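Here the structure comes first, spelled out in structure tokens, and everything after it is commentary.
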Amino acid sequence: QGPDMPLSRLRKAIEESCPHLASSVQIRLKLMAEGELKDMEQFFDDLSDSFTGTEPEVHKTSVVGLFLRHMILAYNKLSFSQVYKLYTALQQYFQNDEKKNGIDESDMELTNTEELEGKMEKEELDVPLREEEISCSGPLSQKQAEYFLSQQASLLKNDETKALTPASLQKELNNLLKFNPDFAEAHYLSYLNSLRVQDVFSSTHSLLHYFDRLILTGAESKSNGDEGYGRSLRYAALNLAALHCRFGHYQQAELALQEAIRIAQESNDHVCLQHCLSWLYILEQKIFDSCVLLEHSVNKSLHFGLPYLASLGIQSLVQQRAFAGKAANKLMDALKDSDLLHWKHSLSELIDISIAQKTAIWRLYGRSTMALQQAQTLLSMNSLEAVNVGVQQNNTESFAVVLCHLAELHAEQGYFAAASEILKHLKERFPPNSQHAQLWMLFDQKIQFESAMNDGRYHIADSLVAGITALNSIEGVYRKAIVLKAQNQMSEAHKLLQKLLIHCQKIKNTEMVISVLLSVAELYWRSSCHTIALPVLLQALALSREYSLQYLASETVLNLAFSQVCLISLNILHMAIEPVLAHGAVLDKGCAMFLVAKCQVASAASYAPQKKIEALESALLNLNEAKAYFAKVDCKEQLRDVLYFQARLFHTLGKTQERNKCAMLFRQLHQELPAHGVPLINAFK
């Protein structure tokens, strides 16, 4: 099926399946290559004899029989000059192998046999199989070219790392097109290859050439009659719309989509119209909430028997409803219905997408345990699709998303080494030039940023902001504001957060709106404006509850409790502490326990002396727990605050030795991490 492989590799392949046959093949090839032309003639005569007799060696209708008859027929059609050309090519093929592996007898006597075998094995291993299989000096046959194209297309879809690099693949495609410029499928693979490197010009050029060649060669007309020409045109317009949409050229995409819809309506092609409707939803959601359009698309897709399209519609609908704050149980029911479709039609890729979607939804709702469970489910799944040996089915976008979430979950729990290992695995699986590499790049930068902020290395965190902004502008601006806030540049941070708040409200990014509101409230605390912070926090709380963002709601309640550190705070805390301890990041758990201790101290002011001592000792226990959490994520700034608070409490209780120990540790951290003139313990986080 593929181009000719070197003789050494062919011999090795035969030895693995049928060892005693390998020597016979070698002897026969040597006899022909070192003999005369009549030896090759004799070989084909012997092949013809295999079918004769009462008990022939090969049956004419068997797979091997059909192949041999096809080969004999092709040989008999050759002219004398073509036969001679074939013979010289065979000689050259054999001699090339002899030159590669040939070693003088004198060298063989001096060389250890084991060393020689090891050297040969190393040479074979050093050359990648795919490169050697594909590299060819002359033109390929139609079947060889089709096999090469289908193999590479499959690898690009399922396991991009095993496909040829973009430059190598383009070189091979250019060679193919040099011998056959009208080979439509080669143009389409060139289009897919250009998409890998985000080359808008080359991808558009190749896509248009593909449909031009498809119409010129009449490939569509043969299978679709008179409809073939129109079918090519409408799918060309649809693919062009998808291409423009991918690169963010929404106006051009809309024009191409209108053209596709017009041609599909003229031809009464309902399948094409359903695909157009799906893309129309993607374009319209950039402008307004097009939920009705999507529901219509799902119903029509089910009506016309398009399960793949219907399932993608359900996935998009669930995603939209999740951002709109619908209850998690209803979303999971909808995903369960789509899963039934997947299993019924064995849609392996969509099963992966569905599980990745569930992971993301649980993360959005702040249920890290459920998200972790879904991530592990996908990673331990086996593919349903039958694929070539060595082709993994888990190098798709779904696995990239799940692994990124897994890395972030580990980092949140203070397991930075484990998160680093996951990211290293992601880098190997999705190299920087692959189409899903941006996912892990963003998560990698975010994890490094959080680590630097925890450690008080604000200059390093600031240097990472540019990288985050390049991958996600909203995340980048938000993190720039956090760095400015940490560096006590309050007015600059406030201006940036206000601009970001307006932008996020405009694009309806509720999760980021709440995060920005919490940061704004913290700025007010740092300026000792607790009364101004309260309305901001209440707005954040209303939004987080309206959109079912339980974890953000819990964090907002903790912030509210800090704003009014008094008796009522302990009652408020009970509402939020459980979800934070169950699903929260280690840093948030530490902050929550620290806040509990502060509230206990504030409440103890009005207690009787004995009860006050008990309350302060209980607060010390909570401070120890908070200190353990902060130490786990190496958050020195918060550790310093805890030690300061502990020293004050030990002084109140008259425990001089413990107070001095805490004071010494505080002094060490304070020298390492100066407070820049900001009063200590002035914020929840």
(message) Looking only at residues that are open to solvent by 80 Å² or more (accessible area, probe 1.4 Å) and either touching a Lys or Arg at 6+ places or on another chain (Cβ under 9 Å) or among the charged types (D, E, K, R) (or both) in the stretch 165-181, which one is modelled with the highest pLDDT?
(response) K171
(message) Residue under question is S451, and the condition is that it be part of a helix (DSSP H, G or I), farther than 21 Å from F416 by Cα and either among the aliphatic types (A, V, I, L, M) or open to solvent by 20 Å² or more (accessible area, probe 1.4 Å) (or both); does it hold?
(response) no
(request) Kindly check whether there is at least one residue in the stretch 481-500 that is under 19 Å from L364 (Cα atoms) and hydrophobic (A, V, I, L, M, F, W, C). (result) no
(request) Hey, could you check the stretch 25-40 for residues that are assigned to a helix (DSSP H, G or I), over 52 Å from the mean Cα position of the chain (by Cα) and not acidic (D, E) and say which is farthest from S8 (Cα to Cα)? (result) K38
(message) Between F43, F67, which is aromatic (F, W, Y) and either part of a loop (DSSP other than H, G, I, E, B) or open to solvent by 90 Å² or more (accessible area, probe 1.4 Å) (or both)?
(response) F67
(message) I'm checking my understanding of the structure. Among residues of the stretch 362-383 that are more than 20 Å from L549 (Cβ to Cβ) and polar (S, T, N, Q), which one is most open to solvent (accessible area, probe 1.4 Å)?
(response) N382
(request) Determine which member of the set A253, A264 is open to solvent by less than 20 Å² (accessible area, probe 1.4 Å) and either closer than 22 Å to L189 by Cα or at pLDDT 90 or above (or both). (result) A253
(request) Just one of (1) surrounded by fewer than 20 Cβ atoms within 10 Å (Cβ to Cβ); (2) assigned to a helix (DSSP H, G or I); (3) not aliphatic (A, V, I, L, M) trips up S548, so point out which. (result) (2)
(request) Kindly list the number of the only condition in (1) open to solvent by 40 Å² or more (accessible area, probe 1.4 Å); (2) under 24 Å from Y147 (Cβ atoms); (3) in contact with an Asp or Glu (Cβ under 7 Å, 6 or more places away or on another chain) that fails for S8. (result) (1)
(request) Return the total of residues in the stretch 454-492 being touching a His at 6+ places or on another chain (Cβ under 8 Å) and closer than 22 Å to A419 by Cβ. (result) 0
(request) Please list, ordered by first then second residue, the pairs with beta carbon atoms under 8 Å, 6 or more apart or interchain, first in the stretch 591-609 and at positive phi, second assigned to a loop (DSSP other than H, G, I, E, B). (result) none
(request) Check whether at least one residue in the stretch 465-481 is modelled with pLDDT of 90 or more, assigned to a helix (DSSP H, G or I), surrounded by 22 or more Cβ atoms within 10 Å (Cβ to Cβ) and aliphatic (A, V, I, L, M), and report yes or no. (result) yes
(request) Tell me which residues, restricted to the stretch 417-435, are surrounded by 19 or more Cβ atoms within 10 Å (Cβ to Cβ) and under 29 Å from Y551 (Cα atoms). (result) A419, I422, L423, L426
(request) Could you list, in sequence order, all residues of the stretch 285-305 that are surrounded by 14 or more Cβ atoms within 10 Å (Cβ to Cβ) and at pLDDT 75 or above? (result) L293, L294, E295, H296, S297, V298, K300, S301, L302
(request) Please go through the stretch 16-40 and pick out each residue that is under 30 Å from L149 (Cα atoms) and open to solvent by 90 Å² or more (accessible area, probe 1.4 Å). (result) E16, S17
(request) Output the number of residues of the stretch 323-361 satisfying the condition of being of a type in the set (D, E, K, R), surrounded by fewer than 15 Cβ atoms within 10 Å (Cβ to Cβ) and either touching a residue at least 24 places away in the same chain (Cβ under 8 Å) or not assigned by the TED database to the domain that holds C291 (or both). (result) 1
(request) Report yes if some residue within the stretch 47-56 is without any contact (Cβ under 8 Å) to a residue 60 or more places away in the chain, under 16 Å from R28 (Cβ atoms) and assigned to a loop (DSSP other than H, G, I, E, B); otherwise report no. (result) yes
(request) Just give me the residues in the stretch 594-646 being open to solvent by 40 Å² or more (accessible area, probe 1.4 Å), over 38 Å from the mean Cα position of the chain (by Cα) and not hydrophobic (A, V, I, L, M, F, W, C), in sequence order. (result) S606, Y607, P609, Q610, K611, K612, E614, E617, S618, N624, Y644
(message) Condition check: modelled with pLDDT of 80 or more and in contact with a Ser or Thr (Cβ under 9 Å, 6 or more places away or on another chain). Does A626 satisfy that?
(response) no
(request) Could you grab me the full set of residues in the stretch 75-85 that are among the hydrophobic types (A, V, I, L, M, F, W, C) and surrounded by 14 or more Cβ atoms within 10 Å (Cβ to Cβ)? (result) V83
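With A461, A486 as the choices, which residue is more than 30 Å from T165 (Cβ to Cβ) and either at pLDDT 90 or above or open to solvent by 30 Å² or more (accessible area, probe 1.4 Å) (or both)?
Working: A486 fails: either at pLDDT 90 or above or open to solvent by 30 Å² or more (accessible area, probe 1.4 Å) (or both).
Going through A461, A486 in turn, the sole match is A461.
The values are calculated or read from the model by the stated rules, or taken from the named source; none is laboratory data. Computed from a predicted structure; not experimentally measured. All Cβ positions, glycine included, derive from the backbone under ideal geometry; neighbour counts span all protein chains shown. Heads up: the accessible areas ignore ligands, DNA and RNA and are worked out on the full protein's heavy atoms, side chains in. Shrake-Rupley method; radii C 1.70, N 1.55, O 1.52, S 1.80 Å.
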